[in-house]
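Let me begin by presenting the structure, written as structure tokens, before commenting on it.
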Amino acid sequence: MVPALTGKMELVYEGEQEGALNVAKHIIGKAIKKVFINHFPDPQKQKKKDGDEDNVYRDILDWFADGNELALPDDLSSKEYKKRLKSVEGLAELI
């Protein structure tokens, strides 16, 4: 997706200091955030809440902070994909 965007943006952002790749990443990031907060609580607002127990993302963040990783290659079967997602503590409850 990024290569398709950057070619078009080079025409629009010619001479931009950041470069087309950084502009593309910024635009994609903003789009992802907008869609995300339409479906889930805003992480920035959760961050500002008093006490970690009020943060709906706490279990998920702790899972990653404990050194766990989640790899989701494109060639996973649906069954394995779901299994890996279910391994993240707190994710099923959130979604």
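Some values worked out for this structure:
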| item | result |
| --- | --- |
| Segments classed as helices (runs of 4 or more DSSP H), wholly inside segment 1-56, with at least 1 members that are over 18 Å from the mean Cα position of the chain (by Cα) and modelled with pLDDT of 90 or more | none |
| Residue tally, condition assigned to a helix (DSSP H, G or I), among the aliphatic types (A, V, I, L, M) and either loosely packed, with under 13 Cβ neighbours inside 10 Å or in contact (Cβ under 8 Å) with a residue 24 or more places away in the chain (or both), over segment 57-90 | 2 |
| Breaking point among (1) in contact with a Phe, Trp or Tyr (Cβ under 9 Å, 6 or more places away or on another chain); (2) surrounded by 10 or more Cβ atoms within 10 Å (Cβ to Cβ); (3) β-branched (Val, Ile, Thr), for ILE95 | (2) |
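The values are calculated or read from the model by the stated rules, or taken from the named source; none is laboratory data. This structure is a prediction, so every number in the text was calculated from the model and none was measured. For neighbour counting, all protein chains shown are included, and Cβ atoms are generated from backbone atoms with ideal geometry for every residue, glycine included.
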